[in-house]
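Input: one structure, supplied below.
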Amino acid sequence: MKLVRFGPRGREQPGIWIPNAFDDRSPGILDVRALAFDIEDYNAHFFAHGGLTRLPFLLDDPGRTLLKADTVRLGPPVARPGKILCLGKNYAEHAREFGGPPPTVPVIFSKAVTSLHGPFDPIRLPPMSRRVDGEVELAVVIGKTARRVRPEDAMEFVAGYTVLNDVTDRDAQAAGQQWFYGKSFDTFCPLGPFLVTRDEIPDPHALRLFSRLNGETLQDGTTADMMFRIPEILAHITAGITLEPGDIVATGTPSGIGSARNPPRVLKPGDVLETGVEGLGTQRAVIELDEP
């Protein structure tokens, strides 16, 4: 299944994406709450209490309500998570374009949950930002509480996968000599469009991922090149940090980022940035200046 959240920002509702839903073969969205009023949202409670197992029964319900997908806004496919954790330098070539060797253990950092953003909403640059990159990443959504999991058991804790754009202000990152601030500005974590359930992705380590700026391909990689794979990542994190239902873990970005190019290709107002992962959909954002 492809899960979505639709509606105005801050008032999104849970839905299921239905391809070819109408006679004209256009996609639709099944309104989950119209059939199951107790499913408030795709949040921690939903994942922790078997919400995913209930959704398939709604697909064939004769009373289901379908909305035209192109008539509603899509928000992040997961409601406000407890944590957004990310891997740095998990692709060797990306580590080298920063001028350093690949890490020998996973490099973990976080993004503020207030940076979470819809997949087609504009990315807004603060007035002081001059050197901002987009970074396409495969992200994992946690389905149940994970603490000290073994690599061989780790995939059992995965609810599904989505696209995360780890937008980063490079100057803020360098000035503070840490990553949290420059990666956590408002709108700097577009997520979605879909949360694709684990059963639909046989091998998350064999997916193409890409970013395009104004139609020009910047990043074009494959998750097969991740140095630390999902089981190892989750085992490493949960050795000391409990992951909870609805938490998001981003797995790193491939090489090709704009600021590492000569000349640099950084984000500017008016640009159009597309980021996508095979089987998980493509985001599209217009870049805007965040006026005071």
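Where in the stretch 1-15 does the amide nitrogen come within less than 16 Å of the point 7 Å from the Cα of residue 26, taken along Cα to Cβ?
none
What is the extension gain from residue 262 to residue 144, computed as 0.36 nm multiplied by their sequence separation minus the C-alpha to C-alpha distance, in nm to one decimal?
Fully extending the segment from residue 262 to residue 144 adds 38.1 nm.
Summing +1 for each Lys or Arg and -1 for each Asp or Glu, what net charge is found among the other residues whose Cβ lies under 10 Å from the Cβ of residue 214?
Net of charged neighbours comes to 0.
Net charge around residue 84, counting only other residues with Cβ within less than 15 Å of its Cβ (Lys, Arg = +1; Asp, Glu = -1)?
Charge balance in the 15 Å sphere: -2.
Rank these for me by crowding, 184, 26, going from fewest to most other beta carbons within 10 Å.
26, 184
Still on this structure, please answer the following. If you average over every viewing direction, what projected area does the convex hull of the Cα atoms of the stretch 76-178 give, in nm²?
That works out to 8.1 nm².
Decide, for the stretch 1-54, between rounded, prolate and oblate: order the square roots of the alpha carbon gyration tensor eigenvalues as a ≥ b ≥ c, take rounded if a/c falls under 1.5, and otherwise choose prolate if a/b is larger than b/c, else oblate.
Here the stretch 1-54 falls in the prolate category.
If you wrap a convex hull around the C-alpha atoms of the chain and split its volume per residue, what is the figure in Å³?
Cα convex hull per residue, to the nearest whole number: 130 Å³.
If R0 is 25 Å, what FRET efficiency do you get for residue 171 and residue 229 from their C-beta distance, rounded to 0.05?
Using R0 = 25 Å, I get an efficiency of 0.20.
Could I ask something else about it? Apply the Karplus curve 6.51 cos²θ - 1.76 cosθ + 1.60, θ = phi - 60°, to the phi angles in the stretch 153-161 and return the couplings in whole Hz, x for Gly and Pro.
9, 4, 5, 5, 9, 8, 7, x, 10
Would you mind counting up the charge near residue 284? Only other residues with Cβ under 11 Å from its Cβ, with Lys and Arg at +1 and Asp and Glu at -1.
Spelling it out: positives minus negatives among the neighbours equals -1.
Something else: When 268, 2 are ordered from fewest to most other Cβ atoms inside 10 Å of their Cβ, what list results?
268, 2
Could you run the Karplus curve 6.51 cos²θ - 1.76 cosθ + 1.60 with θ = phi - 60° over the stretch 164-178 and give me ³J(HN,Hα) per residue in whole Hz, x for Gly and Pro?
With coefficients 6.51, -1.76 and 1.60, one gets 10, 9, 7, 5, 9, 8, 5, 5, 5, 5, 6, 5, x, 6, 8 Hz.
How far, in nm, would the chain grow between residue 34 and residue 53 when pulled straight, counting 0.36 nm per residue and subtracting the alpha carbon separation?
The residue 34-residue 53 span can extend by a further 5.1 nm.
Every number in this text was worked out from the coordinates using simple rules, so none of it is lab data. Fair warning: this is a prediction, and the values are worked out from it, not measured in the lab. All Cβ positions, even for glycine, are placed from backbone atoms using ideal geometry, and neighbour counts span all protein chains on display.
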